[in-house]
Amino acid sequence: MAAAWADLAALGSTALLWTSDDVALADATWELVRELEAVDRACSRFRDDSELARLNRAEGKPFPAGRYFFEAVRVALRAAAATGGLVDPTIGRGLRLAGYDRTFTIVSERDRGIVRARFAPAAGWRLVELDEDRRSIRIPSGVELDLGATAKALAADHAALAAADRTGAGVLVSLGGDIAIAGPAPRGGWPVRIADDHRASLDGPGPIVGLESGGLATSSVTVRRWQVGEHELHHILDPHTGRPATSCWRTVSVAAASCVDANTASTAAVLLGEAAPAWLAERRLPARLVAVSGEVVCIGGWPAQAEIAA
């Protein structure tokens, strides 16, 4: 048996899959594709027929949600509660007004003068109403959700677990750099290279850490940037202002019990700025923070030797 891998274009990004057993790759890939289709149908902001798009057009009426979409919204609200509203799914209108209203490929390539940047704070995650009995969701008219901070990570968690359950092999799934692991890991863990951009070469510069379980996510203000008029913007918005976060951190990587937890924490850390190390340490989350100056801060048991070996 030997490890095997596959890569797919998905969700406006890249999906990567590794299995500890090459025989398991085909079945594991099938599970990943099924998960990618499900999260896109439920949570895409860029297709008119997605459940998210239909909820955003519901004009304050209760929206009957499928099981997947209902779980995705519930997970997003849990992330908002855990971060005191820093990771807020009601930032959707703010992202749209800031110019992130199409897939990132289109946004990054269009003429910067076509749209004018405007900014709107998040409406507030407590405005989202979930009816567990009817499995319905209601948001006030004018409020728009965006699940980009958590839905991709949830899909990675789901896909890794489903593939490991189906094949019995160890599985690593990376969706745009958000990583989830399930099943038995290789000896020493899955080697993962940390970089600002998930599109970086696998043999490029950056520290390598070994992951045996759970998830890892990296949030960065150096990628997913676009130009609108005189404004250079990025996708991590401050929910209080709707403007791109001004942070002392260029990149934050966090390991946690799940990819959702890791993504939630890494996004919150960028927004927290100087308060991030204490916030992460209090939650006992291993993390690597790279300052705008290039200084690297490792906390919570993040292996310092990885920096030396890089």
Item to check | Cross-chain or 6+ apart pairs with Cβ under 6 Å, region 22-45 first and touching a residue at least 24 places away in the same chain (Cβ under 8 Å), then of a type in the set (Val, Ile, Thr) | outcome: Ala24/Thr167; Asp27/Thr167; Ala28/Thr19; Ala28/Thr167; Ala28/Val171
Checklist entry - Considering only helices (runs of 4 or more DSSP H) fully contained in region 235-310, which possess at least 3 residues that are small (Gly, Ala, Ser)? => result 259-272, 276-282
Checklist entry - Just one of the numbered conditions (1) crowded, with 20+ Cβ neighbours inside 10 Å; (2) modelled with pLDDT under 95; (3) among the polar types (S, T, N, Q) is not true of Gln227; which one? => result (1)
Next on the checklist: Looking at Ala153, Ala149, Ala180, Ala159 in this structure, which one is out of contact with any strand residue (DSSP E or B) (no Cβ under 7 Å at 6 or more places or on another chain) and open to solvent by less than 50 Å² (accessible area, probe 1.4 Å)?
Outcome noted: Ala149
Checklist entry - For region 140-165, what are the residues that are more than 20 Å from Asn263 (Cβ to Cβ) and not acidic (Asp, Glu)? => result Pro140, Ser141, Gly142, Val143
Item to check | Residue within region 202-214 that is touching a helix residue (DSSP H, G or I) at 6+ places or on another chain (Cβ under 7 Å) and modelled with pLDDT of 95 or more present | outcome: no
Item to check | Within region 232-270, tally of residues that are modelled with pLDDT under 95, under 19 Å from Ala122 (Cβ atoms), open to solvent by 20 Å² or more (accessible area, probe 1.4 Å) and out of contact with any His (no Cβ under 8 Å at 6 or more places or on another chain) | outcome: 6
Checklist entry - Does any residue in region 47-65 that is touching a residue at least 12 places away in the same chain (Cβ under 8 Å) and farther than 27 Å from Gly12 by Cα come within less than 6 Å, Cβ to Cβ, of a residue that is surrounded by fewer than 21 Cβ atoms within 10 Å (Cβ to Cβ) and charged (D, E, K, R) six or more places away or on a different chain, and which pairs are these? => result Pro62/Arg138
Next on the checklist: Which pairs turn up if I take residues in region 68-85 that are under 20 Å from Glu35 (Cβ atoms) and look for partners that are part of a loop (DSSP other than H, G, I, E, B) and among the charged types (D, E, K, R) with beta carbon separation below 8 Å, at least 6 apart in sequence or on another chain?
Outcome noted: Phe70/Arg135
Checklist entry - Quick one: would you say Val290 is open to solvent by less than 10 Å² (accessible area, probe 1.4 Å) and either touching an Asp or Glu at 6+ places or on another chain (Cβ under 9 Å) or among the acidic types (Asp, Glu) (or both)? => result yes
Checklist entry - Do any helices (runs of 4 or more DSSP H) lying entirely in region 17-111 carry at least 1 residues that are among the β-branched types (Val, Ile, Thr), at pLDDT 95 or above and open to solvent by less than 30 Å² (accessible area, probe 1.4 Å), and which ones are they? => result 25-43, 67-82
Next on the checklist: Could you list, ordered by first residue, the pairs with Cβ atoms under 9 Å in which the first is in region 267-295 and at positive phi and the second is assigned to a loop (DSSP other than H, G, I, E, B), at least 6 apart or interchain?
Outcome noted: Gly273/Ala245; Gly273/Thr246; Gly273/Ser247; Gly273/Cys248; Arg284/Gly300; Arg284/Gly301
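The values are calculated or read from the model by the stated rules, or taken from the named source; none is laboratory data. Owing to the predicted nature of the structure, the values given are computational and were not obtained by experimental measurement. Reconstructed Cβ throughout: ideal geometry from the backbone, glycine too, with neighbour counts over all protein chains shown. For the accessible areas, the whole protein counts, side chains as well, though only heavy atoms, and no ligand, DNA or RNA atoms are used. Shrake-Rupley method; radii C 1.70, N 1.55, O 1.52, S 1.80 Å.
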